[in-house]
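To start, the structure under review is shown below, and the notes come after it.
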Amino acid sequence: MKGVSYLTNELNQKQAVVIEMSTLENYTHELEDLLDGLIAESRKNDEKVPLKDVISNLKKSGKLK
């Protein structure tokens, strides 16, 4: 794909990808989806908080009416 390069290790195995900014501009929504997925994956072991507690805390802090 034009604008995409791979960085490889000494065994020629792909280790990272470099994407030119001009190429990324054409895939804004896909990039947002990818980042959302990466963030979700990184947080999968975080402590779970019940929705009712989140709502209660937001109301107490004045961020939700």
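Can you name every one of the helices (runs of 4 or more DSSP H) wholly within the chain that holds 2 or more residues which are at pLDDT 95 or above?
28-42, 51-60
Restricting to the stretch 23-65, name every residue that is under 30 Å from Val4 (Cα atoms) and among the β-branched types (Val, Ile, Thr).
Thr23, Thr28, Ile39
The values are calculated or read from the model by the stated rules, or taken from the named source; none is laboratory data. Bear in mind that the values here come from a model prediction, so they are computed numbers and not experimental data.
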